[in-house]
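The values are calculated or read from the model by the stated rules, or taken from the named source; none is laboratory data. Bear in mind the structure is a predicted one, so any value in this text is a computation, not a measurement. Just so you know, the surface numbers come from the protein's heavy atoms only, side chains and all, with ligands and any DNA or RNA stripped out. Shrake-Rupley method; radii C 1.70, N 1.55, O 1.52, S 1.80 Å.
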Amino acid sequence: MGRIDKGENCSVSGCGSEAERSISADKVKAAGLKIGGNDNTKRAYLCKEHYKEYKKKSKKDKLLDKWRHGM
């Protein structure tokens, strides 16, 4: 049983919703979302709304990586 199943809250500053996804904190910061708490954390936990926002903001980066590695 992981931390999300145990009831981890969203890591984004000012959000208290229940988390649904766990993503690398570096990727979340690169997408422009503000993570509250300790700066040394390796994982960021995102609720449904912030995960959707993360996907929209990181779409271009994923496409560029895909092209860079030859699809």
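A convex hull fitted around the alpha carbon atoms of the chain yields 102 Å³ per residue. For the chain, with all protein chains in place and a probe radius of 1.4 Å, 46% of the accessible heavy-atom surface sits on carbon or sulfur. The angle between the Cα long axis of helix 48-68 and the longest principal axis of the Cα atoms of the chain comes to about 20 degrees, rounded to the nearest 10. Checking the Cα-Cα distances for Lys6/Lys52; Lys34/Lys66; Lys27/Lys60; Lys27/Lys56; Lys29/Lys66 against a 18 Å cut-off, the pairs over it are Lys6/Lys52; Lys34/Lys66; Lys29/Lys66. Taking amide H atoms as placed 1.01 Å from N in the peptide plane, the amide H of Arg43 lies under 5 Å from those of Ala25, each 5 or more residues away in sequence or on another chain.
With a 1.4 Å probe and every protein chain left in place, work out the accessible area per residue of segment 6-71 in Å², rounded to a whole number. Per residue, segment 6-71 has an accessible area of 75 Å².
With 0.36 nm allotted per residue and the present C-alpha distance subtracted, the Arg43-Lys29 stretch has 4.0 nm of extension available.
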